[in-house]
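Enquirer: Dumping the structure here so I can ask a few things about it.
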Amino acid sequence: MSGRYVAFEGVEGAGKSTVAARIAERIEAGGDPVAVVREPGGTAAGERIREVLLDPLSDIRPWTEALLFAAARAQLVRDVVRPALGRGAWVISDRSVYSSLAYQGAGRGLGVELVRSVNDAGLEGLWPDLVVLLRLDPTLGLDRQQVPDRIGAEGVEFQRAVSAAFDTLAAEEPERFIVVDATRPLAEIVEDSWASIQRRRSMT
Ligand code: T5A
């Protein structure tokens, strides 16, 4: 493990994009190269898949959804994540395979273990080294959303199931997860996340 593949996770509006960008700035300021990616997306094919997945007009079934997320991810890992890590860069990822476990595995009820194994094929074993879970009550996150996408528009019960699944995953993999209280001011969250990432890396 390089300790340089770091994903930011959480419910809608938890602050993942904002915090991930701030952490990437810190890494760059320290002189290290960094690739910032988002899921779904980050490649030409992945961005086209993202449009299908998030368009409120897309009428797709749960397994279609799960496989499209996995397909976009396989492309991203092969074309961007693995090469970046190979040249010594950090990879800061706005969401990751853990979103699929929480949203499709638990939220859609497909089963966390089945979704895990489907994704593992495309990841070729390359899972994030660290996952920063920005923890926030889903109703607060939904209030922050400007225009909900197809999945963000699912009801609050769906979002609660997703949130509970993230908590379970974090409890099951304490060596990989860093849980951060995301109800606080942004500066505190960034400070806490960065300090925790550094602490974890120094332990490996
Ligand atoms: N999905 C994704 C799956 O179902 N399975 C998968 O495998 C994957 C990868 C992706 C959608 O697809 C689903 C999950 C999603 O529904 P997305 O673009 O990642 O779409 O969607 P969201 O998570 O909904 O992204 P958001 O942009 O809504 O949330 P973020 O990134 O968590 O939040 P951010 O940083 O954009 O902040 C939202 C707002 O809150 C403010 C920000 O300024 C912004 O206005 N904010 C704060 N305000 C106060 N205090 C703070 N601490 C704040 N932090 C941020």
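Enquirer: Please sort through the DSSP H helices of the chain and keep those with an alpha-carbon extent of at least 20 Å along the long axis and a Kyte-Doolittle average not below -1.0.
Expert: Those that clear 20 Å and a mean of -1.0 are 62-76, 156-172, 186-203.
Enquirer: Cα gyration tensor of segment 120-204, axes a ≥ b ≥ c as square roots of the eigenvalues: rounded (a/c below 1.5), prolate (a/b > b/c) or oblate?
Expert: Here segment 120-204 falls in the oblate category.
Enquirer: Kindly provide log₁₀ I(q)/I(0) values, in the same order as q = 0.15, 0.25, 0.27, 0.29 Å⁻¹, from the Debye equation applied to equal alpha-carbon scatterers of segment 94-146.
Expert: Log-scaled intensity ratios, in q order: -0.51, -1.03, -1.09, -1.14.
Enquirer: Can I ask one more? Apply the a/c threshold of 1.5 to the C-alpha gyration tensor of segment 125-165 and tell me whether it is rounded, prolate or oblate.
Expert: Since a/c reaches 1.5 and a/b is larger than b/c, the shape of segment 125-165 is classed as prolate.
Enquirer: Here's a follow-up. Given the C-alpha centroids of segment 39-55 and segment 87-139, what is the distance between them in whole angstrom?
Expert: So the two Cα centres are separated by 16 Å.
Enquirer: Across all directions of projection, what mean area in square nanometres is found for the Cα convex hull of the chain?
Expert: 10.5
Enquirer: Okay, next question. Give me the percent relative contact order of segment 5-202, please, defined on Cα pairs under 8 angstrom at least 6 residues apart.
Expert: Value for segment 5-202: 31 percent.
Enquirer: If amide H atoms are built 1.01 Å from N in the plane of the peptide, which residues on other chains or at least 5 residues away come under 5 Å of the amide H of Ile178?
Expert: Val131, Val132, Leu133
Enquirer: Taking Cα atoms of segment 48-134, Rg/Rh with Kirkwood Rh, to two decimals?
Expert: Reported Rg/Rh, Kirkwood definition of Rh: 0.97.
Enquirer: Sticking with the crude label model, points 7 Å out along Cα→Cβ, report the distance from Glu47 to Gln146 in nm, one decimal please.
Expert: Going from the Glu47 label point to the Gln146 one covers 1.8 nm.
Values quoted throughout were computed directly from the atomic coordinates according to the rules given, and no laboratory measurement underlies them. Bear in mind the structure is a predicted one, so any value in this text is a computation, not a measurement. Neighbour counts run over all protein chains shown; Cβ positions are idealised from the backbone, glycine included.
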